[in-house]
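> I have a structure here, written as structure tokens, and I will follow up with some questions on it.
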């Protein structure tokens, strides 16, 4: 059994993070690694890059490589359905109310996209745990950063819920008591659920912060706006105790040298350049040819 490693690709929209994640996935495949490439970006760029139809069901792109496209709307519905079932189990006394109506409204609430994507990610990590690599092509910066910030925010929220629940239990005898073999036990389904949610987000936060299991890559171009946004992404990740394993400069200009300004902005983080291509990198043949002609290995930034 292998130990799954997750590679997240972030960056400003249009910088080429989909192309970068596709090239890295193919390089890993050539190294004999078993890879799942999952696109979390609604732009469906991976379908265009591989020149094939994709869905949330993995399709095989040659030996050792599978690719899929997350359907965000479907993931939101799935997340709400799962949450509704858990709420009904924990709050059995609310069955007289039409909870489904309230969950229909919840799908429009702020933060639902992040929760749905986190749920999709955890399910993929569990389903493909015997793979070597899970490569995630993330959506544009704003949603990606909210995604990575979600565990910390959720832990702050669950901490407060746990304290409130304890206060309620101390002031009101609302815990159902059961007697078994002459002994009385307290049973609080709501507290049990809060503790479970808290544990889940503690594990996710630890996973994001563990460089042995998770790697982050920011893709950028040489233009001023792209470089500035990359710096903001790095600063935000730093606030989450996350340091990118590498940066990927996707050359859109054909320039053979990187400007000193680009290098000075990212001290201590290795940079891998994807050379300029005169022709579109569309289809397996074009991607593989680009890798071979430029001897791309990504060894400087990939996990050992």
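The values are calculated or read from the model by the stated rules, or taken from the named source; none is laboratory data. Being a predicted model, the structure only gives us computed values, none of them experimental. Ideal geometry is used to build each Cβ from the backbone, glycine not excepted, and the neighbour counts take in all protein chains shown.
> Are any of the residues in the stretch 184-194 at pLDDT 80 or above, loosely packed, with under 14 Cβ neighbours inside 10 Å and closer than 29 Å to residue 20 by Cβ?
No: the stretch 184-194 contains no residue that is at pLDDT 80 or above, loosely packed, with under 14 Cβ neighbours inside 10 Å and closer than 29 Å to residue 20 by Cβ.
> Right, another one. Residue under question is residue 241, and the condition is that it be touching a helix residue (DSSP H, G or I) at 6+ places or on another chain (Cβ under 9 Å), exposed (fewer than 14 other Cβ atoms within 10 Å of the Cβ) and farther than 15 Å from residue 302 by Cα; does it hold?
yes
> Out of curiosity, is residue 67 in contact with a helix residue (DSSP H, G or I) (Cβ under 9 Å, 6 or more places away or on another chain) and touching a residue at least 24 places away in the same chain (Cβ under 8 Å)?
yes
> Additional query: Looking only at the stretch 1-40, filter to residues that are assigned to a loop (DSSP other than H, G, I, E, B) and touching a helix residue (DSSP H, G or I) at 6+ places or on another chain (Cβ under 7 Å); which one of those is farthest from residue 249 (Cα to Cα)?
Ranking the qualifying residues of the stretch 1-40, first place goes to 4.
> For the stretch 55-84, give me each residue that is assigned to a loop (DSSP other than H, G, I, E, B), surrounded by fewer than 21 Cβ atoms within 10 Å (Cβ to Cβ) and either more than 16 Å from the chain's Cα centre (by Cα) or on the phi > 0 side of the Ramachandran plot (or both).
Let us first name the residues in the stretch 55-84 that are assigned to a loop (DSSP other than H, G, I, E, B), namely 55-58, 61-64, 70-71.
Within this subset, residues satisfying the condition of being surrounded by fewer than 21 Cβ atoms within 10 Å (Cβ to Cβ) are 55-58, 62-64, 71.
Within the stretch 55-84, 55, 57, 58, 62, 63, 64 qualify.
> When residue 248 is evaluated against the numbered criteria (1) over 11 Å from residue 10 (Cα atoms); (2) more than 16 Å from the chain's Cα centre (by Cα), which criterion, by number, is the only one it fails?
Result: residue 248 fails condition (1) only.
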